[in-house]
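**Student:** Okay, handing you the structure first.
All of the numbers you see were taken from the coordinates with simple rules; none came from a lab. Quantities reported herein were computed from a predicted structural model and do not represent experimental measurements. Cβ atoms come from the backbone with ideal geometry, glycine included; neighbour counts cover every protein chain shown.
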């Protein structure tokens, strides 16, 4: 079995979420968002390493308040950068050599079933790069700065990308090295928002895996209650080991 290192990216500012604390510390039930995300991966047999990348402004709180939890789970804590790609690059630098694959996942996507992770993993093993996507079903409008609708955009062939995204280690490392060195150029004016974008720009085909609309990204406070409700509907798969927090209660 090819092993993968998982990079959980939790270094965003969360400005749209509001409040004094980063949204990764917000609670779903009795656990912080980032802990729920980590538990998607720490007990998987195909995972050899889990890396948590956090903002420099959150690193002290993470160590002081959650250091014991992170240590018990065997999670490696890494300080991120100003942009998402800076944080992913920091995570890539910490990936151990025995990992054949790298999985990148947003810490604010907690509504993920184990089978969905396996689908992306298997596709990456076969194709080298895989991303879960969902078809865009809403009518799309282009709106100008004055708030006026200027165009209805065709949704044909459009899909919304999700995480986790999985890649061959050497593939994503090379793509990131080229991008950050300036060798790899992305289209002008297009922001870098995910890793499949960089790998695709490097010339490697990225395989699309059927995603699920329940795999939401927590952006606003209202999303917390929705995520908590969705998690209860997800298919549960027994794990061969006890969860980190179940063991910690012994």
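**Student:** Defining a contact as two alpha carbons under 8 Å apart and six or more residues distant in sequence, what relative contact order in percent does the stretch 101-250 show?
**Tutor:** Details: 199 pairs, mean separation 51.2, N = 150.
After rounding, I find 34 percent.
**Student:** Using a 10 angstrom cutoff on alpha carbons, build the Gaussian network for the chain and name the most mobile of 89, 100, 68.
**Tutor:** 68
**Student:** While we're here: For the stretch 4-243, what Kirkwood radius comes out of the mean inverse Cα-Cα distance, in Å? Mind showing how you got there, number by number?
**Tutor:** Working: mean 1/r = 0.0535 Å⁻¹.
This gives a value of 18.7 Å.
**Student:** Remind me, relative contact order of the chain in percent, using alpha carbon pairs under 8 angstrom and six or more residues apart? All intermediate terms of the calculation are to be shown ahead of the outcome.
**Tutor:** Details: 433 pairs, mean separation 60.0, N = 250.
Computed value for the chain: 24 percent relative contact order.
**Student:** Over the stretch 1-138, consider all pairs of different Cα atoms and compute the Kirkwood hydrodynamic radius from their mean reciprocal separation; express it in Å, one decimal.
**Tutor:** Values: mean 1/r = 0.0642 Å⁻¹.
Answer for the stretch 1-138: a Kirkwood hydrodynamic radius of 15.6 Å.
**Student:** Right, here's the next one. Shape verdict for the stretch 112-213, please, from the Cα gyration tensor: rounded (a/c under 1.5), prolate (a/b greater than b/c) or oblate. Mind showing how you got there, number by number?
**Tutor:** Working: a/c = 2.82, a/b = 1.30, b/c = 2.16.
Oblate shape, in that a/c is at least 1.5 and b/c is the bigger or equal ratio.
**Student:** Sort the stretch 192-240 into rounded, prolate or oblate with this rule: let a ≥ b ≥ c be the square roots of the eigenvalues of the Cα gyration tensor; rounded if a/c is under 1.5, and if a/c is not under 1.5, prolate when a/b is larger than b/c, oblate otherwise.
**Tutor:** Verdict is oblate for the stretch 192-240.
**Student:** Something else: Roughly what would the spin-label model give for residue 136 and residue 57, points 7 Å off Cα along C-beta, in nm?
**Tutor:** Here the modelled spin labels are 3.1 nm apart.
**Student:** Can you sort 34, 41, 25, 159 by how many other beta carbons sit within 10 Å, fewest first? Don't skip to the answer; put the middle values down first.
**Tutor:** Working: 34 27, 41 24, 25 19, 159 15.
Taking fewest neighbouring Cβ atoms as first place, the list is 159, 25, 41, 34.
**Student:** Then there is this: Mind checking Rg over Rh on the stretch 27-102, alpha carbons, Kirkwood formula for Rh? Intermediate values should be presented prior to the final figure.
**Tutor:** Numbers: Rg = 12.6 Å, Rh = 13.2 Å.
Result: Rg/Rh = 0.96.
**Student:** Quick one: 171, 35, fewest Cβ neighbours within 10 Å first, how do they rank? If you can, show how the numbers build up before the last one.
**Tutor:** Working: 171 18, 35 24.
Ranking 171, 35 by Cβ neighbours within 10 Å, fewest first, gives 171, 35.
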